[in-house]
Ligand code: 5AD
Ligand code: SF4
């Protein structure tokens, strides 16, 4: 077991490196170290997840490990013996929220000194954040990085039994650890990692430093997981990667995302989604496979980030506005009913009004079903953070509001088109607000609230759409 007094702190310099080092695939069955097996007996944990689906999936692994140790999950931090935050570092406001919450909950430690506060995920990979936590948030006694999840039992043992602060954050490019336990959040939908990390190094983005280099799981491992999920009753899988188009390139055995998608479709699982696709390197073969199989959902998240070729160039996105539109046209020509969503950053350093208007024009062109839009947030260690920026925050805010207004208009317009139609909905359960109303998602990823008799979660049923709201649809089950 690691020397508890020795912290392993993150290093930005190490995280920025990319080497030729071979990725190790660890396939040994996961075993809890002897002394940690009963550590969670009679204890409760509270886990809060911030950020993207990769974090959601990591939290399922963390829950799996904790529950193997005997911990029980609770919904309220005040009732827990272990309070853990799985965090996101993509924008500063997400980080501020986490730090605020950790500060806010500090009183729990005063009342119960045995409670363990932990922080993991992308913020743990940041050198400056970990130093800040050590300086000003001393009640946080457990910090581990995205490459250290499988060491959680030993780290917890250090804190809970040896009463030592545990900090272990590897800043390496990363390996692949198969066979970790997972407590899946949903019975009929599952996230499936197909690759980890990112090598695109968009100039604004911290992810290549927090999650290491692009490394793909083998097709056999992924297909085995999908088949097991299908056999256990899962209806929908979402294949996850920061940039799924790059799937397989590092394996150098001819694997590609198009081929993986085809193989997953052939398993016969009812619904397949995938995210995120980079517009660069979105192949014709991928489009062909998406078009050819009914169980691949016709919904593509295709982040554009900006509509200006000049801004895209400084962002390091590897495509022009024309190339993005060409790709969009090619997909819609082959799959006319395809729905699209995107991510957009406004107020990138020195973005001019004209460049912003080009982004607005891009939204008019693509008429997205949904867009996640953000104000640019400088991230330490990224090239963009060193750029001077002449755009005042108020201007960025006005641009964000103008953009969101436009986005809402198209979302509303797209939703309106479904009224009167009958769609297939995978039932999640009852609606959060009303237990007489069910909710679920259509093939095109629209959230539908609907009424009906004999509705079971996990079923795929026909629903007639009767009304639309800005973000959701309403309907009735068709008998
Ligand atoms: N500032 C604002 N938004 C960002 N994103 C990534 N990095 C930043 C940043 N520094 C956005 C991108 C990405 C999404 C996950 O988060 O739009 O696609
Ligand atoms: Fe970040 Fe770009 Fe990689 Fe997406 S593709 S995770 S935006 S570096």
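One table, with the values for the structure above:
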| item | result |
| --- | --- |
| Test: residue in segment 387-398 that is away from ligand 2 (no atom under 16 Å from the Cβ) and in contact with a strand residue (DSSP E or B) (Cβ under 6 Å, 6 or more places away or on another chain) | yes |
| Residue list for segment 193-209, restricted to those being touching a strand residue (DSSP E or B) at 6+ places or on another chain (Cβ under 8 Å) and either free of Cβ contacts under 8 Å to residues at least 60 places away in the same chain or within 16 Å of ligand 1 (Cβ to nearest atom) (or both) | 195, 196, 197, 202, 204 |
| Any hit, segment 383-390, residues being outside any helix (DSSP H, G or I), within 13 Å of ligand 1 (Cβ to nearest atom) and surrounded by 14 or more Cβ atoms within 10 Å (Cβ to Cβ) | yes |
| Only listed residue being in contact with a helix residue (DSSP H, G or I) (Cβ under 9 Å, 6 or more places away or on another chain) and away from ligand 1 (no atom under 16 Å from the Cβ), chosen from 189, 172, 162 | 172 |
| Residues being away from ligand 1 (no atom under 16 Å from the Cβ), surrounded by 18 or more Cβ atoms within 10 Å (Cβ to Cβ) and under 28 Å from residue 293 (Cβ atoms) - total across segment 336-368 | 2 |
| Which listed residue is in contact with a helix residue (DSSP H, G or I) (Cβ under 7 Å, 6 or more places away or on another chain) and within 16 Å of ligand 2 (Cβ to nearest atom), from 328, 348 | 348 |
| Filtered residue count, segment 197-219, keeping only those that are within 11 Å of ligand 2 (Cβ to nearest atom), crowded, with 23+ Cβ neighbours inside 10 Å and not in a loop (DSSP other than H, G, I, E, B) | 3 |
| Failed item in (1) under 16 Å from residue 287 (Cα atoms); (2) within 16 Å of ligand 1 (Cβ to nearest atom), with residue 238 passing the rest | (1) |
| Qualifying residues in segment 82-116 (those that are more than 23 Å from the chain's Cα centre (by Cα), crowded, with 17+ Cβ neighbours inside 10 Å and within 17 Å of residue 155 (Cβ to Cβ)) - the one farthest from ligand 2 (Cβ to nearest atom) | 115 |
| Residue match in segment 305-317 (condition: in a helix (DSSP H, G or I), crowded, with 18+ Cβ neighbours inside 10 Å, within 13 Å of ligand 1 (Cβ to nearest atom) and under 23 Å from the mean Cα position of the chain (by Cα)) | yes |
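Residues checked against (1) closer than 15 Å to residue 156 by Cβ; (2) without any contact (Cβ under 8 Å) to a residue 60 or more places away in the chain; (3) within 16 Å of ligand 1 (Cβ to nearest atom); (4) part of a loop (DSSP other than H, G, I, E, B):
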{"site": "32", "(1), (2), (3), (4)": "yes, no, no, yes"}
{"site": "48", "(1), (2), (3), (4)": "no, yes, no, no"}
{"site": "61", "(1), (2), (3), (4)": "yes, no, no, no"}
{"site": "64", "(1), (2), (3), (4)": "yes, no, no, no"}
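Since every read-out is calculated from the coordinates, none of them should be taken as a lab result. Keep in mind that what you see is a predicted model, and the values were worked out from it rather than measured. All Cβ positions, even for glycine, are placed from backbone atoms using ideal geometry, and neighbour counts span all protein chains on display.
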